[in-house]
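Everything below concerns the one structure shown next.
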Amino acid sequence: MCGIFGYIGNKEAVPFLMEGLKKLEYRGYDSAGVATLDKGKVFVSKRAGKIADLEELLRRKPIKGHIGIGHTRWATHGKPSDANSHPHEDCTGKIVVVHNGIIENYLELRRDLAQKGHKFTSVTDTEVIAHLIEENYAGNLLEAVAVTLNQVQGSYALAVVSEHEPDKIIIARHGSPLIVGFGENECYLSSDIPAMLKYTAEIIKLDNGEVAVLAKDELKVFDLQGKAVAKESELISWDPESAEKGGYAHFMLKEIHEQPSAIRKTIEGRIEAENHKIHFDELNLTDDEIRKINRVVFTACGTSWHAALVGEYLFEQYARIPAEVEYAAEFRYRQPIIDQNTLVIAITQSGETADTLGAVWEAKARDAKVISICNVVGSSIARESHGVVYTNAGPEIGVASTKAFTTQLTVIYLLAILFGKRKGVVSDSEATKLINDLIELPGKIEEALYQEEAVQHVAERFYRATNALYLGRGKGFPIALEGALKLKEVSYIHAEGYPAAEMKHGPIALIDHNMPVVVLALSGRRYEKILGNIEEVKARGGKVIAVACEGNTDITEKADEIIYIPLTSEALSPILAVIPLQLLAYYIAVKRGCHVDQPRNLAKSVTVE
Ligand code: AGP
């Protein structure tokens, strides 16, 4: 996910661009750049690093102009670097573009353009757009962009400026948001509303398949066949702070709801179900190296450690490789017995967790292969690992990790299948089935989110609790741990996750009518056993909140509250099961008046040991 901002009017564009990019920095912050049109000439300033680094560059070498476009990057194709930063130019430097999205057929387009003599200066998919527009330009910039967009496949929010027509910005949208704001004889362009809210509340949202000409006092919109499209502006009533959250009360709730799109972004460009193919550009492990791996050690902290626990099950189930899970802080100090045939997988949202970074160093010092599953491009742990798979979930602002967790599970699921294929224990047909199951998952998460009202009802009933127990079996156990952690960290209720079968070995003493017990009653070969555990809780007066799969109606007479999730494969059920638990923790915390996005004592990234 990246951020785009544009300005066209009678004032200097750069101050608007920089202000806008700072507000969009949450969408990506591994590199940034701006381009302006001044007296008919294009000027570009861009670099890897934070927006503050771009500001420094502009202080040393300012650029002028009353028309400009800017971009803050969340790398998808090509590591963060000056060359891969946006804006990108065509061969002549007279056409400049910024883009948010993924062009899936960029490699074949790039090959065709190179054969026609185009020279590329980056490895990004976006640069292909600039050269395509150059190839298609025949005196009308809007037409050249429309022809180009009929040739690309994938998602885009696009802004184009050119010396050929230096009084306008051409914009277009398909899949990635793009909004136009209207001021006094000036217009703004942004990936989201908050970034322009200080200038105007009058906006128009471009819809998919629309391309437009933005002048300082008007917007003309067309479809890709050139037919004019009438658009109605709307007035935004949000206050600036709530606008940052896209209308949600908290970032945590916004990010819970972002999970379907986040998982789509995680798998975008990485799977081909029909060819049972999975590929991760930066995994940096040869097939032969994968085949030599005889042991996997996951290492992480907190929620990422729970993802690792699910990973242990998935790797043993599909890759048939012995796997184990270590807390990073324990792993780094216990002199682990690992070697060059051990694969250490570090899981981390921030890529900056000190203990996980220490564990990576320890693993490398003992010659293990190290890959990381990370959500921040170019972060310390990503850079220290031999290979990395980015979750591409977009920045996660809420301290309580939600979309990072489910996208971590998505990556682990695909890695386990990939390793299973390389080791010859997952057939092509099985891989196709497993990949198709995953493709259906975002839609099922959307269905699970429809239970939000039912979860709010459960939160109303139990938010006064002082303790809670979460029980699960198999892959449901790590989800029980994760549900308990969510509740602890945002509502401050003491909650404990436990293997359901272990309850009678002690924790059952805790059960009474004050103790809500959340049970992951997921379909599968352990389901009957879980029903037995529910009976044990009920027999001692406990209140049972069950997360169950649609169709399992036999649980209705056993549990006090039931939150249903759609049926999916046993391997993907943990990802669906965590959704109601995230919502439950959120709504209980809200009822208790807690600071949901910044809970007491916590930090989003624990960069100290
Ligand atoms: C999760 O909700 C917590 N914020 C915390 O446990 C977090 O998962 C942990 O600190 C690890 O962070 P990382 O994934 O960025 O390494």
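Here are a few things to note about the model shown:
- Segment 22-43 - residue that is outside any strand (DSSP E or B) and at pLDDT 95 or above and, of those, most open to solvent (accessible area, probe 1.4 Å): 39
- Contact annotation: residue pairs with Cβ atoms under 8 Å, 6 or more positions apart or on different chains, pairing a residue in segment 345-361 that is within 11 Å of residue 299 (Cα to Cα) with a partner that is near the ligand (Cβ under 8 Å from one of its atoms) and part of a loop (DSSP other than H, G, I, E, B), are 348/301; 348/375; 355/301; 355/606; 356/301.
- Residue within segment 466-473 that is within 15 Å of the ligand (Cβ to nearest atom), touching a helix residue (DSSP H, G or I) at 6+ places or on another chain (Cβ under 8 Å) and farther than 15 Å from residue 541 by Cα present: yes
- From the list 454, 459, 416, 468, the one residue that fits, being more than 18 Å from residue 596 (Cβ to Cβ) and crowded, with 17+ Cβ neighbours inside 10 Å, is 416.
- Among the residues of segment 543-602, those identified as over 21 Å from the mean Cα position of the chain (by Cα), closer than 21 Å to residue 526 by Cβ and open to solvent by less than 10 Å² (accessible area, probe 1.4 Å) are 544, 545, 546, 547, 548, 549, 555, 563, 565, 566.
- Any hit, segment 528-544, residues being without any contact (Cβ under 8 Å) to a residue 40 or more places away in the chain and within 16 Å of the ligand (Cβ to nearest atom): no
- Boolean, residue 61 is without any contact (Cβ under 8 Å) to a residue 24 or more places away in the chain and not acidic (Asp, Glu): yes
- Only residues that are farther than 19 Å from residue 409 by Cα, at pLDDT below 95 and among the hydrophobic types (A, V, I, L, M, F, W, C) were counted across segment 242-277, and they come to 3.
- Residue match in segment 244-265 (condition: closer than 24 Å to residue 7 by Cβ and touching an Asp or Glu at 6+ places or on another chain (Cβ under 8 Å)): yes
- Residue in segment 591-603 that is of a type in the set (Val, Ile, Thr) and away from the ligand (no atom under 16 Å from the Cβ) present: no
- Qualifying residue in segment 283-294 (condition: under 23 Å from residue 575 (Cβ atoms) and modelled with pLDDT under 95): yes
The values are calculated or read from the model by the stated rules, or taken from the named source; none is laboratory data. Since we're looking at a predicted model, the values are computed, not measured. FYI the Cβ positions are ideal-geometry reconstructions off the backbone, even for glycines, and counts take in every protein chain you see. Remember, those area values only see protein heavy atoms, side chains included, never the ligands or the DNA or RNA. Shrake-Rupley method; radii C 1.70, N 1.55, O 1.52, S 1.80 Å.
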